[in-house]
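I have placed the structure first, in the form of structure tokens, so that the comments after it can refer back to it.
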Amino acid sequence: MPKEQNPKEKNEMADRPQWEKINVGQEIPPYRVPISLVRMMMYAAATWNPYQLHWDSDFSKKRGFKDANIAGPMFGDYLAEMLSQWAGEPSYLRSLEYSNRDMAFPGDTLIFRGKVKEKRREGDTGLADCQVWVENQQGRILVEGSATVGIS
């Protein structure tokens with residue numbers, strides 16, 4: 001899916017971090033994704049997820065939800081994309097763990113965020129241990145987690 005960044009964030013994402021210039025406490029540029037029912041349907045199709053709760057508004061409303069809600073793994077995929085965009089090549093995502101705390105719906109704008117918590121080396125590889133989270137447009141935290149990125 002195409003990236004949905006404003007021009008300032010595109011420029012920030014283009015500035016790949018160099019190991020020597022990464023600092024503990026450094027924020028990862030936010031990655032914004034507007035959520036639409038079409039995006040949710042495309043994700044469900046791409047991941048072979050047939051459960052209507054994630055793409056059918058009427059089905060979801062009949063079950064007490066305000067609308068279709070985003071599939072949990074979609075949060076993780078966009079967290080991974082944010083980290084990969086930040087780290088660039090030839091860096092890699094070593095680990096990602098997260099916990100869904102709340103739901104997102106069509107019309108929400110999700111802001112994927114992160115912060116470097118620790119910086120260390122294993123052999124020739126620089127590792128950045130990061131705190132990651134997802135907020136909606138009201139600043140409500142929907143997902144919290146951690147990741148380790150190998151940065152060359």
Worksheet entry | Proximal charge balance of ARG113 [Cβ under 9 Å; K/R count +1, D/E count -1] | -1
Worksheet, complete the sentence: Evaluated at 20 °C and 1.002 mPa s, the Stokes-Einstein D of region 89-152 based on the Kirkwood radius over Cα pairs, in µm²/s, stands at 167 µm²/s
Item to complete: Please check which bits of region 123-138 a label hung off ALA80 would reach, taking the label as a point 7 Å along Cα-to-C-beta and the cut-off as backbone N under 12 Å.
Response: none
Item to complete: Kindly list the residues of region 68-97 that lie in the label zone of ARG140, defined by a backbone N under 15 Å from the point 7 Å along the Cα-to-C-beta vector.
Response: 68-70
Worksheet item: So how long is each side of region 22-151 along the principal axes, counting just the alpha-carbon atoms, biggest first, in Å?
Response: 54, 30, 19
Item to complete: Between beta-carbons, use under 9 Å as the cut-off and find the net charge around ASN136, counting Lys and Arg +1, Asp and Glu -1.
Response: -2
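Any read-out appearing in this document is the output of simple, stated calculations on the displayed coordinates, not a laboratory observation. Source: prediction; values computed, not measured. Note that we place each Cβ from the backbone using ideal geometry, even for glycine, and neighbour counts take in every protein chain shown.
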